[in-house]
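Below is one structure, written out as structure tokens; the observations come after it.
Please treat every number below as a calculation from the coordinates, not as lab data. Note that the structure is a prediction, hence the values are computed from the model and not measured. Because the Cβ atoms are built from the backbone with ideal geometry, glycine has one as well, and the counts that use them run over all protein chains shown.
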Amino acid sequence: MRLYLVNPSNPLVSIVKVRESRWNRYRVWKPLSLMVLAGLTPPEWDISILDENLGAPDYPAMPRPDLVGVTAFTSQANRAYEVAAHFRRLGVPVVMGGIHATMCLDEAMERVDSVVTGEAEGVWPQVLEDVRNGGLKRRYDGGRAELNGVPLARHDLLPTGYAAGTIQTTRGCPLNCSFCSVTAFNGARYRQRPIPDVVREFQLVREKHVLVVDDNLIGTRPEHIARAKDLFRALAQANLRKEWIAQATINLADDEELLALAAKAGCRGVFIGFETPAPEGLLELGKKFNLLKGRDFRASVRRIQRHGILVVGSFIIGLDIDEPGIGKRTADAASQYGVDSLNALFLTPLPGTRLWDQMKSEGRIALDTFPEDWKYYTLTFPVARYKHLSLNDVIEEMISCNRRFYSMPRILRRLWGSLWRRRSPLITLVGNFSYRSNSHLDCTVYADFKRQRGHRYD
Ligand code: B12
Ligand code: SF4
């Protein structure tokens with residue numbers, strides 16, 4: 001039995017546009033969902049993982065499979081349906097799963113043979129069994145999986161040449177920020193994989209550099225932090241010689257032992273969601289966590305960096321409180337906090353989030369011809385109507401934010417800081433030039449976008 005697992009591309013996602021900017025090579029990650037599915041697949045299936053981010057495969061020239069499984073974030077949904085249509089025309093059954101199919105079930109059901117909502121661990125073997133018996137059902141619900149005893153992901157199935165491997169150690173997030181899909185999809189309960197499984201899987205990752213995809217690797221409560229410390233001790237003891245980056249909340253900075261253990265275990269960088277320079281913005285987004293203890297962000301960032309860990313700060317532009325000037329304020333806040341890179345994104349209503357419900361009820365979703373418009377839900381296009389910023393304004397704010405933060409003098413200053421404090425200057429350089437070159441590309445992309453879609457905001 002032949003199984004194709006497809007990760008659809010989205011040509012609008014600048015981070016995977018490798019050809020336009022060679023720096024982007026460092027930003028293509030392995031599709032972990034498909035490697036996890038492959039791990040759950042019995043040995044009688046011959047599995048190929050087809051990652052369109054490496055280049056669209058020549059499907060007609062390939063042997064006919066018995067089943068196609070397609071994953072999709074919302075921004076990939078359009079392309080996922082095109083791939084599904086191709087294989088369905090050949091009479092091959094297509095199963096779709098992942099976050100978009102879960103949040104937009106009816107839409108997906110119309111376009112594929114079967115939809116798996118939620119996490120696949122509990123149901124995928126049953127789906128395959130049903131295909132073998134010719135009894136594929138229209139819908140399966142995996143809910144939220146128990147992470148004990150799950151087979152390890154198949155890291156061997158993708159070609160080498162990715163800049164980084166991927167691995168997951170926890171799921172779920174209790175913080176439930178208004179714009180984020182994670183609590184809606186993976187739940188508020190913070191679920192942890194057994195540490196020995198994580199260590200064994202780390203050993204299977206072929207790349208030296210690894211993205212730990214957890215939404216918050218250290219969690220928020222004392223018992224989460226204790227588990228993170230145990231995990232880091234185990235990784236250090238296994239002597240894996242891997243270097244990894246992860247996502248975490250700012251409380252990472254509050255525990256020197258945790259930071260020292262993370263660094264010893266190979267942590268070289270963290271993505272932290274600061275979201276907005278304004279406390280009222282954090283309230284708007286439901287991210288009160290960042291307001292706790294009257295935190296000094298600059299001191300927190302420094303504490304992390306002192307352990308040789310780079311900090312990428314993520315910020316959102318287009319909040320209801322944002323007014324003209326927010327781009328400059330954001331760039332200045334990120335510089336003041338001392339982050340090594342800034343990742344600025346437009347506030348985007350993703351289906352299934354509280355923000356989606358709010359914006360929909362207020363008639364503020366400008367790009368709403370679905371599924372075609374999903375391709376713009378990359379967080380790099382302003383798909384909504386913003387309270388105090390017109391379409392032109394919000395784009396100008398984004399451009400001014402990136403221009404200011406990624407101006408040559410500021411990049412050189414950060415590079416110097418990195419060299420001086422002996423924190424991976426090469427990574428700072430690659431990261432900053434990658435963002436800088438993307439922000440140049442984005443100006444052309446925005447001009448096209450305004451020409452083609454501008455009238456939808458009237
Ligand atoms: C790693 C990651 C990335 C990596 C992508 C790596 C890759 N190629 O997969 C990078 C950094 C490139 C990235 C980019 C983006 N990401 Co991202 N990312 C994540 C993150 C943190 C983890 C994803 C992951 O690997 N999870 C682990 C796997 C095992 O879980 P899973 O994907 O959910 O798969 C399980 C189930 O969904 C299901 N399943 C999935 N696919 C299929 C298919 C079939 C057939 C079946 C049966 C089941 C099934 O089974 C799996 C096992 O249980 C998630 C947050 C999250 N917790 O999911 C955000 C997340 C998916 N990203 C998000 C977004 C918005 C983006 C971007 C659009 C914007 C951005 N700048 O971040 C881009 C777009 C990328 C694109 N290609 O279009 C949103 C998506 C929301 C949505 N509705 O789509 C999320 C949920 C974060 C959030 N805060 O809301 N991302
Ligand atoms: S943005 Fe981060 S902290 Fe907020 S709900 Fe999502 S994963 Fe949790």
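Suppose every K and R has +1 on its Cβ and every D and E has -1 on its Cβ; what is the size of the dipole of the chain about the Cα centre, in Debye to the nearest 20?
Dipole size: approximately 1580 debye.
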Additional length obtainable on full extension of the chain from D357 to N148, 0.36 nm per residue less Cα span = 71.8 nm
message = Between region 304-328 and region 330-403, how far is it from one alpha carbon centroid to the other, in angstrom?
response = 13
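Quick check on the chain: helices-only [θ] at 222 nm, where DSSP H runs of length 4 and up contribute -39,500 (n - 2.57) each and the sum goes over total residues. Nearest 500, please.
On the way: 16 runs with 176 residues, N = 458.
Mean residue ellipticity at 222 nm (helix-derived): -11500 deg cm²/dmol.
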ask   = In cubic angstrom, how much convex hull volume per residue do the alpha carbon atoms of region 323-458 span?
value = 122
note = Kirkwood calc, region 158-262, C-alpha pairs only, radius in angstrom 14.4
task = For region 80-149, just say rounded, prolate or oblate: build the C-alpha gyration tensor, square-root its eigenvalues into a ≥ b ≥ c, call rounded for a/c under 1.5, and beyond that prolate if a/b exceeds b/c, oblate if not.
result = oblate
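Can you compute the FRET efficiency between N392 and K137 using 1/(1 + (r/R0)^6), with r the Cβ-Cβ distance and R0 = 51 Å? Round to the nearest 0.05.
Details: r = 48 Å, r/R0 = 0.95.
E between N392 and K137, to the nearest 0.05, is 0.60.
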ask   = In the chain, what percentage of the DSSP-assigned beta bridges are antiparallel, given to the nearest 5?
value = 5
request  = Check cross-link reach from K264 to the lysines: straight Cα distance under 19 Å, and skip same-chain residues fewer than eight apart.
outcome  = K208, K229, K242
ask   = Between M1 and N176, what FRET efficiency comes out of the Förster formula 1/(1 + (r/R0)^6) with R0 = 41 Å and r the beta carbon distance, rounded to 0.05?
value = 0.50
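Please report the relative contact order for region 128-188, taking Cα pairs under 8 Å with a sequence separation of at least 6, and give it as a percent rounded to a whole number.
23
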note = Per its Cα gyration tensor (rounded if a/c is under 1.5, else prolate when a/b beats b/c, else oblate), region 368-408 is best filed as oblate
Sorted by Cβ neighbour density within 10 Å, fewest at the top, the residues L261, L412 = L412, L261
Rough spin-label spacing in nm, given labels placed 7 Å along Cα→Cβ, for A238 and A278 = 4.5
query = Quick one: putting +1 on the C-beta of Lys and Arg, -1 on the C-beta of Asp and Glu, what dipole do you get for region 251-302 around its Cα centre, in Debye to the nearest 20?
reply = 140
remark   = Rounded to one decimal in nm, the spacing of the 7 Å Cα→Cβ label points at T444 and R456 is 2.2
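For region 217-275, with only Lys/Arg (+1) and Asp/Glu (-1) charged at the beta-carbon, what is the dipole magnitude about the Cα centre, in debye rounded to 20?
On the way: 8 positive and 8 negative charges, 71 e Å.
Around 340 debye, computed over region 217-275.
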request  = Among the aspartates and glutamates, select those whose C-alpha is under 19 Å from the C-alpha of K287, and discard any that sit fewer than 8 residues away in the same chain.
outcome  = D214, D215, D254, E275, D296, D320, D322, D357
request  = Report the label-to-label distance for V199 and K288 in nanometres (one decimal), using points 7 Å from each Cα along the Cα→Cβ vector.
outcome  = 3.9
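For H388, H209, what's the fewest-to-most ordering of other Cβ within 10 Å of each Cβ?
Working: H388 14, H209 18.
If I rank by nearby Cβ atoms, fewest first, I get H388, H209.
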note = By the Cα gyration tensor axes a ≥ b ≥ c (a/c under 1.5 gives rounded; else a/b larger than b/c gives prolate, otherwise oblate), the shape of the chain is oblate
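Where does each of 425-432, 237-244 land if you order them by average Cβ count within 10 Å, highest first?
Numbers: 425-432: 18.5, 237-244: 15.5.
Output ranking for 425-432, 237-244: 425-432, 237-244.
Given a Förster distance of 25 Å, report the FRET efficiency between T369 and D320 from their Cβ-Cβ distance, rounded to the nearest 0.05. Numbers along the way, then the final one.
On the way: r = 24 Å, r/R0 = 0.97.
The pair T369/D320 has a calculated efficiency of 0.55.
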note = Cα-based Rg and Dmax for region 123-199, in Å, come out at 16.0, 43
task = Please work out the C-alpha center-to-center distance from region 157-188 to region 239-300 and express it in whole Å.
result = 16
Proximal lysines relative to K360, as straight alpha-carbon distance under 20 Å, when same-chain residues fewer than 8 apart are discounted = K375, K387
query = Given Cα pairs under 8 Å that are at least 6 residues apart, what percent is the relative contact order of the chain?
reply = 13
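Subtract the Cα-Cα distance of M109 and R64 from 0.36 nm times their separation in residues, and report this length gain in nm to one decimal.
Working: separation 45, 0.36 × 45 = 16.20 nm, distance 2.28 nm.
That pair, M109 and R64, stretches by 13.9 nm at full extension.
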ask   = Amide H to amide H under 5 Å from F381: which residues, 5+ apart in sequence or cross-chain, H placed 1.01 Å off N in plane?
value = F346
